[in-house]
Amino acid sequence: TFDNTIKALEYAGEMYGNICSIFSVYQNSATSDKLEQIAEEMSPVMNELSNDIIQNERLFERVEYVYNHIPKDIDREDLKLLDDTYNSFVRHGARLSDKRKLEYRQISDELSLATLKYEQNILRSTNKYFMHLTDPKSVEGMPESALDQASQEAKNRGLDGWVFNLQGPSYAAFMTYCPDRELRRKMYMEYASIAYRNEFDNEDLVRKIVNLKQRSVQLLGYNTLADFILPKRMAENKENVYELLNVL
């Protein structure tokens, strides 16, 4: 039934989902060596759990049964949950043969580790760079709030003056209000080079991730990643995307 299958499945991972969400926030905003170690250790475990659920044939049979026997009195919210649950299974390999399921699982394992490494490189590259300024003329006219933040960042590093970095609030304020064009150019070039052609270079990882995603969607019967993604987006298909771009 809807209650003992779809709803039960939705609530079964509630605590796990909350923990993952909280961990993700810390990992992406206040990470540490310990948190990154945990992420590297747990990413394959979490991915394996997800695949175990999606590829559980008995569970999918139940989900598919409910989907094919939709209760007449179901409300819109429950119908949306049912549709999302069923499509999540189908779009992540529940209908694949045993051989293709194994291949899909191997690809998703590689993809989860590559994506984690990609995100870590972005964070490390972003956090490494900062611009230290001591000349009042270089920050003349900038808002007090931005200067206070930059001054505090300098103190945190044991420095005088102001420190600006590539974090959103600091970068946006600097690029908007800094009176020195050359300093803005330098900051922009650093921002545009996050995780690119430095010790945290993501160029090879991007290629790997794109190729893994392409292989995974082809296993599911799609020609390209766009064909897989767009039906669930407002554009719906590639033709509509190109039509909009051509109009623009």
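The values are calculated or read from the model by the stated rules, or taken from the named source; none is laboratory data. Small disclaimer: the values here were computed from a predicted structure and weren't measured. Note that each Cβ is placed from the backbone with ideal geometry, even for glycine, and that neighbours are counted across all protein chains shown. All accessible areas refer to the heavy atoms of the entire protein, side chains included, with ligands and DNA or RNA removed. Shrake-Rupley method; radii C 1.70, N 1.55, O 1.52, S 1.80 Å.
Listing for the model above:
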| item | result |
| --- | --- |
| Hey, ALA173 over 30 Å from LEU113 (Cβ atoms), open to solvent by less than 70 Å² (accessible area, probe 1.4 Å) and not in a loop (DSSP other than H, G, I, E, B) or not | yes |
| Residues (over 18 Å from THR126 (Cβ atoms) and either among the hydrophobic types (A, V, I, L, M, F, W, C) or open to solvent by less than 20 Å² (accessible area, probe 1.4 Å) (or both)) located in the stretch 155-170 | LEU159, TRP162 |
| Condition met for ASP201 (part of a loop (DSSP other than H, G, I, E, B), modelled with pLDDT of 95 or more and open to solvent by 70 Å² or more (accessible area, probe 1.4 Å)) | no |
| Filter result (among the hydrophobic types (A, V, I, L, M, F, W, C) and either outside any loop (DSSP other than H, G, I, E, B) or at pLDDT below 95 (or both)) within the stretch 149-170 | ALA150, ALA154, TRP162, VAL163, PHE164 |
| Residue match in the stretch 64-73 (condition: out of contact with any strand residue (DSSP E or B) (no Cβ under 8 Å at 6 or more places or on another chain), assigned to a loop (DSSP other than H, G, I, E, B) and modelled with pLDDT of 95 or more) | yes |
| Residues satisfying the stated conditions in the stretch 220-248, i.e. more than 22 Å from the chain's Cα centre (by Cα) and loosely packed, with under 10 Cβ neighbours inside 10 Å | LEU245, ASN246, VAL247, LEU248 |
| Out of ALA94, ALA146, ALA114, sole residue that is assigned to a loop (DSSP other than H, G, I, E, B) and either open to solvent by less than 80 Å² (accessible area, probe 1.4 Å) or at pLDDT 95 or above (or both) | ALA94 |
| Filtered residues of the stretch 1-51 (kept if part of a loop (DSSP other than H, G, I, E, B) and not aliphatic (A, V, I, L, M)) | THR1, GLY13, THR31, SER32 |
| For THR1: the one exception among (1) crowded, with 16+ Cβ neighbours inside 10 Å; (2) farther than 25 Å from TYR222 by Cα; (3) over 23 Å from the mean Cα position of the chain (by Cα); (4) among the β-branched types (Val, Ile, Thr) | (1) |
| Qualifying residues in the stretch 126-143 (those that are part of a helix (DSSP H, G or I) and modelled with pLDDT of 95 or more) - the one most open to solvent (accessible area, probe 1.4 Å) | LYS137 |
| From ARG76, ARG100, residue being in contact (Cβ under 8 Å) with a residue 60 or more places away in the chain and under 30 Å from THR1 (Cα atoms) | ARG100 |
| Selection from the stretch 52-63 of residues that are assigned to a helix (DSSP H, G or I) and either crowded, with 16+ Cβ neighbours inside 10 Å or modelled with pLDDT under 95 (or both) | ILE53, ILE54, LEU59, PHE60, ARG62, VAL63 |
| Identity of the residue in the stretch 176-198, assigned to a loop (DSSP other than H, G, I, E, B) and farther than 13 Å from ILE122 by Cβ, that ends up least open to solvent (accessible area, probe 1.4 Å) | CYS178 |
